[in-house]
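A.B. asks: I am attaching a structure below and will ask some questions about it afterwards.
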Amino acid sequence: MNRWVVLTSVAGLAGAAWLFGGHEPPSPPPAGDRPWEVTLAPDGSSRALGLTLGRSTLGDAIARFGKGVDVAMFESAGRPLSLEAYFAEASSGGLSGRLVVTLAPEPAVLEGLRARGAGPRRLQSGSLRYELDPRDADTVAGLRVASLTFVPRANLDEDTVRARFGEPVERVPAGEGQVRWLYPERGVAVTLSGQGREMIDYFAPGDTARLRQLSTPAPAGD
C-alpha cells in the first residue's frame, strides 16, 4: 500500500474527487463504529469503521464517508500496482481524520483500469500515479474493500492505545522513530509516532501477506 504517499502528499493527489460526484455530505455514522471497535465474524471477516473488509465496496465507503474521495492507482519499486481511495475528511465514532481505502480488484481488472486511464505521473516520493478513466467509475464503486488505514487528527499516545486496543502481541520498528503495535488476531496494526502521525491499519485477520508486510521491521536508520 502507498498510504504514506497518499497521506503526506495530499496536494498532489487532489484531482479525482469529481469522479464520484463532488463533496456530498456523508450519511449519519452508525452506532458502534469507534476506531477501536473491531467485530470478527464466524467466517473470519472483520468489520471496522462501519465497513466489512472483503465484503463492503467502495460505494459503501462513499455512502459512509461522503463523495469527497480521490481514487487513483499507485505503483512503486518493490510494490505491485494498487488501487486506493483517499478521504480527506472521515469521521468514525466521534473521531475525525483521514482515511485510505485499499480496494481488491482482480489482476485483470486492475490492468484494464490502468490501460484505460491516464499516466503515469511520478510523485515526489518516486511512486507512480495513474488516473482513472471516468467511464470506469461504476466499476470502481463496485470493488470490494481489502484494507483500511485511518489517520486520526487527535494524537494517540501509548496509554490511549493500550486502553482502547489492549496490549499488542508484538511491537516492531516502523521507521522514522515509529513503532507499530500488532494485533493480528483482530486484523489491526497501530503505528505510534512522537510526531503526531499515528495511524491505524485494518486488514483481514487471515491476510498473512498484509500481516507480514506490517510486521517486517523497517531498516535501521530508515
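A.B. asks: Just to be sure before I move on: is A204 outside the structural domain of L40 (by TED's automatic domain parsing), farther than 24 Å from T52 by Cα, in contact (Cβ under 8 Å) with a residue 24 or more places away in the chain and of a type outside the set (S, T, Y) in the structure I sent?
C.D. replies: It is false that A204 is outside the structural domain of L40 (by TED's automatic domain parsing), farther than 24 Å from T52 by Cα, in contact (Cβ under 8 Å) with a residue 24 or more places away in the chain and of a type outside the set (S, T, Y).
A.B. asks: When the range 56-92 is examined, which residues are found to be in a loop (DSSP other than H, G, I, E, B) and either aromatic (F, W, Y) or at pLDDT 95 or above (or both)?
C.D. replies: Correct list: S56 only.
A.B. asks: Going residue by residue through the range 164-180, is there one that turns out to be surrounded by fewer than 18 Cβ atoms within 10 Å (Cβ to Cβ), within 15 Å of M73 (Cα to Cα) and at pLDDT 95 or above?
C.D. replies: Taking every residue of the range 164-180 in turn, none turns out to be surrounded by fewer than 18 Cβ atoms within 10 Å (Cβ to Cβ), within 15 Å of M73 (Cα to Cα) and at pLDDT 95 or above.
A.B. asks: Here is a list: T39, T102. Which entry is hydroxyl-bearing (S, T, Y), within 18 Å of the chain's Cα centre (by Cα) and either buried (at least 20 other Cβ atoms within 10 Å of the Cβ) or not assigned by TED's automatic domain parsing to the domain that holds L143 (or both)?
C.D. replies: T102
A.B. asks: Moving to a separate point now. Considering only the range 58-74, state which residues are surrounded by fewer than 19 Cβ atoms within 10 Å (Cβ to Cβ), touching a residue at least 60 places away in the same chain (Cβ under 8 Å) and out of contact with any helix residue (DSSP H, G or I) (no Cβ under 6 Å at 6 or more places or on another chain).
C.D. replies: D60
This table checks each residue for (1) closer than 24 Å to S45 by Cα; (2) in contact (Cβ under 8 Å) with a residue 60 or more places away in the chain.
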site	(1), (2)
P105	yes, no
L123	no, yes
D138	no, no
V161	yes, no
E170	yes, no
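A.B. asks: Quick check, is V145 modelled with pLDDT of 95 or more and buried (at least 16 other Cβ atoms within 10 Å of the Cβ)?
C.D. replies: Here the answer is yes, as V145 does meet what is asked.
A.B. asks: While we're on this one: Starting from residues that are of a type in the set (D, E) and out of contact with any Gly (no Cβ under 9 Å at 6 or more places or on another chain), keep the ones in the range 177-212 and report whichever is farthest from S46 (Cα to Cα).
C.D. replies: Ranking the candidates gives E198 first.
A.B. asks: In the range 135-150, what count of residues is obtained for those that are touching a helix residue (DSSP H, G or I) at 6+ places or on another chain (Cβ under 7 Å) and either among the charged types (D, E, K, R) or within 14 Å of R64 (Cα to Cα) (or both)?
C.D. replies: The total comes to 3.
A.B. asks: Just for the range 196-213: of the residues that are in a loop (DSSP other than H, G, I, E, B) and acidic (D, E), which one is nearest to E158 (Cα to Cα)?
C.D. replies: That would be E198.
A.B. asks: Moving on. Filter the helices (runs of 4 or more DSSP H) completely within the range 93-195 down to those with at least 2 residues that are farther than 24 Å from T39 by Cα.
C.D. replies: Passing ranges, in order: 107-116, 137-141.
A.B. asks: From the list L123, L128, exactly one residue is on the phi < 0 side of the Ramachandran plot and in contact with a Phe, Trp or Tyr (Cβ under 8 Å, 6 or more places away or on another chain). Which is it?
C.D. replies: L128
A.B. asks: Same structure again: Quick check on the range 151-161. Is at least one of its residues under 18 Å from the mean Cα position of the chain (by Cα), crowded, with 16+ Cβ neighbours inside 10 Å and closer than 30 Å to V109 by Cα?
C.D. replies: Looking for residues that are under 18 Å from the mean Cα position of the chain (by Cα), crowded, with 16+ Cβ neighbours inside 10 Å and closer than 30 Å to V109 by Cα, one finds at least one in the range 151-161, hence yes.
The values are calculated or read from the model by the stated rules, or taken from the named source; none is laboratory data. For clarity, every value in this text was computed on a predicted model and none was experimentally measured. Neighbour counts run over all protein chains shown; Cβ positions are idealised from the backbone, glycine included.
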